[in-house]
Structures are given as C-alpha cells and as structure tokens.
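> Below you'll find the structure I mean.
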Amino acid sequence: MVFRSPLDFLSASRLLLPHFSDGPPHLSRSRSPEDPPAAAPPLSLPGLCFSATQIASVCETLEETGDIERLARFLWSLPVTADGRDSISEHESVRRARAVVAFHTGSFRELYRILETHRFTRTSHGKLQAMWLEAHYREAEKLRGRPLGPVDKYRVRKKFPLPRTIWDGEQKTHCFKERTRGLLREWYLQDPYPNPGKKRELAHATGLTPTQVGNWFKNRRQRDRAAAAKNRLQHHRICTDGSRPPSGGDCSPDGSAERVDGETFLSVTDSDSDLDV
C-alpha cells in the first residue's frame with residue numbers, strides 16, 4: 001500500500017467531483033409520485049479520508065507557502081455538516097486558513113465573521129490583527145477614492161477596534177517593542193532601502209509582516225529627511241543671527257554653532273521617535 005499525502009489530491013479532479021466508473025447511477029426501481037422522496041445520500045469525496053490533524057497540517061503548509069489558490073480549492077473540497085460544526089471546521093488552522101482565503105479574495109464580510117465569531121490563540125493574533133486592519137483600510141480607501149494617510153488610518157482603527165477573539169486585552173499601540181526597534185535600526189543603518197527579500201527576512205526575525213517592515217523603513221527615511229532639513233534651517237539661522245560668520249569656522253556642519261559669548265547651541269538630529277509604524 002502506497003501512502004499518499006493529502007496534497008497529492010489537490011490537483012486531482014476526483015477530489016472535486018464524485019467519479020462514477022460505469023456512468024451515472026441508475027435508480028433500482030421506478031418511484032411513483034405517491035412514494036415519499038428519498039433522502040439524498042451525502043456526497044462522499046473519494047480519497048478524502050484524512051484526519052482533522054492531517055487536514056490542518058495541509059492548511060498550515062499551503063498558508064505558509066502562500067499558495068492561496070490551492071488552499072481555497074482544498075478548503076472548498078472539505079465536507080461540511082448541516083450545522084457547519086465538526087472536528088475539521090473547529091480546528092484553528094482550518095479557521096485561520098478560511099480567514100486568509102477570505103482576505104485574499106476580498107471577501108471582507110466573511111473575514112470579519114470568521115474573526116468575530118471564533119476565538120483564536122495568541123500565536124495567531126498578529127497575522128489576524130494585520131488582516132483585520134488592512135481589510136478595513138482597503139474598504140475605507142475604496143469608499144473615499146484615495147489612499148489613506150496616517151490620520152485616516154488612525155480613525156479607521158478607532159472606528160473598528162480589534163475584536164477580543166484576536167486580541168488578548170492588552171492595550172495595542174503602534175509602537176514596536178524596543179528589541180524590534182533596535183533590530184530595525186540596525187538594518188536601517190546597513191541599508192535604508194531593503195529589497196523584498198530582505199524585508200521578508202527582517203519580518204521573520206521581528207515577527208512583523210513585510211508590509212509593516214516596509215512602512216517602518218519608509219517612515220524612518222521620511223523622518224530622517226525632515227530632521228536633516230530642520231537642522232539645516234536651524235544651522236542657517238544660528239549662523240546668520242547672533243553667531244560668528246561661517247567663514248570663522250565656528251558653524252559646524254553637524255548643526256551646532258558657537259555664539260560670540262562662547263555659548264554653544266546644539267540641534268538634535270535623532271529622528272527616531274517612539275511612534276514607529
């Protein structure tokens with residue numbers, strides 16, 4: 001007997017539709033109109049004889065590889081009971097997979113329903129929270145017809161707070177932990193413009209999403225440019241108002257200047273604020 005992985009059945013047509021070797025089935029006898037209607041037998045999918053744990057493992061694998069199309073087909077092929085409650089659909093990996101498919105297909109109403117009606121463990125919170133917020137951002141952008149700014153996103157987060165099913169009750173801020181910020185700063189000093197591969201690597205190291213990493217680098221570059229422009233302006237004003245002329249060499253390029261009375265003014269160049277988003 002050869003063991004076949006559940007993934008082997010995803011591309012097989014017999015997983016999607018029942019197969020009849022001798023053509024369509026025939027009724028054993030004719031039924032008169034007076035006979036009560038026969039109960040339709042449940043649709044059995046040949047080859048789908050896997051445990052809930054095996055099915056959850058397939059969902060996790062397809063989710064991790066990002067193969068959303070195959071994940072959607074696999075979920076569609078799973079048997080569903082009349083009330084929708086069984087050992088398969090109750091598994092967190094299957095629930096999370098359904099949420100991922102709903103997000104990537106733009107079925108945001110279904111995504112919200114899944115996230116609001118099922119309690120997830122803390123290990124799933126980060127990813128599900130990101131999908132919850134991003135879905136609301138996209139809906140707001142579509143409604144307004146323009147990209148959202150930081151203030152717009154803040155208002156969306158206030159209007160649609162995280163449900164307790166994907167939130168442990170701890171106050172959620174958009175300030176990263178010090179360890180995460182330190183790692184981001186370290187990478188930023190090496191390369192302020194990371195490529196997608198480096199973003200994914202850094203996202204894995206920090207527990208963030210590639211989008212969050214990209215946004216942090218973008219915001220950090222903007223803050224650095226703004227801080228540099230402010231320092232140049234302060235340097236220019238100090239050198240032209242009450243300080244020795246630049247030819248005297250007392251106005252340094254780092255933004256500090258020495259007045260004739262010997263007092264030194266320093267401008268702050270650190271643009272790393274606590275609001276890293």
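The values are calculated or read from the model by the stated rules, or taken from the named source; none is laboratory data. What you see is a predicted model, and the numbers here were worked out from it, not measured in a lab. Every residue, glycine among them, receives a Cβ derived from its backbone with ideal geometry; neighbour counts consider all protein chains shown.
> Pairs needed: first member in region 150-168, over 18 Å from residue 131 (Cβ atoms); second member anywhere, surrounded by 13 or more Cβ atoms within 10 Å (Cβ to Cβ); C-beta distance under 9 Å; at least 6 residues apart or different chains.
150/219; 150/277; 152/137; 152/140; 152/141; 154/174; 155/140; 155/148
> When you check residue 225 against the structure, is it surrounded by 13 or more Cβ atoms within 10 Å (Cβ to Cβ) and either β-branched (Val, Ile, Thr) or part of a helix (DSSP H, G or I) (or both), yes or no?
The answer is no for residue 225.
> Exactly one condition in (1) modelled with pLDDT of 90 or more; (2) not in a helix (DSSP H, G or I) is false for residue 199; which is it?
For residue 199, the failing item is (2).
> Would you point out which residue out of 214, 169 is at pLDDT below 90 and not assigned by the TED database to the domain that holds residue 114?
Being at pLDDT below 90 and not assigned by the TED database to the domain that holds residue 114 holds for just one of 214, 169, which is 169.
> Here is a follow-up. Give all pairs with beta carbons closer than 7 Å in which a residue from region 56-68 that is assigned by the TED database to the domain that holds residue 204 meets a residue that is of a type outside the set (Gly, Ala, Ser); count only pairs at least 6 apart in sequence or on separate chains.
none
> If residue 151 passes every condition in (1) modelled with pLDDT of 90 or more; (2) farther than 17 Å from residue 221 by Cβ but one, which one does it miss?
Single failed check for residue 151: (1).
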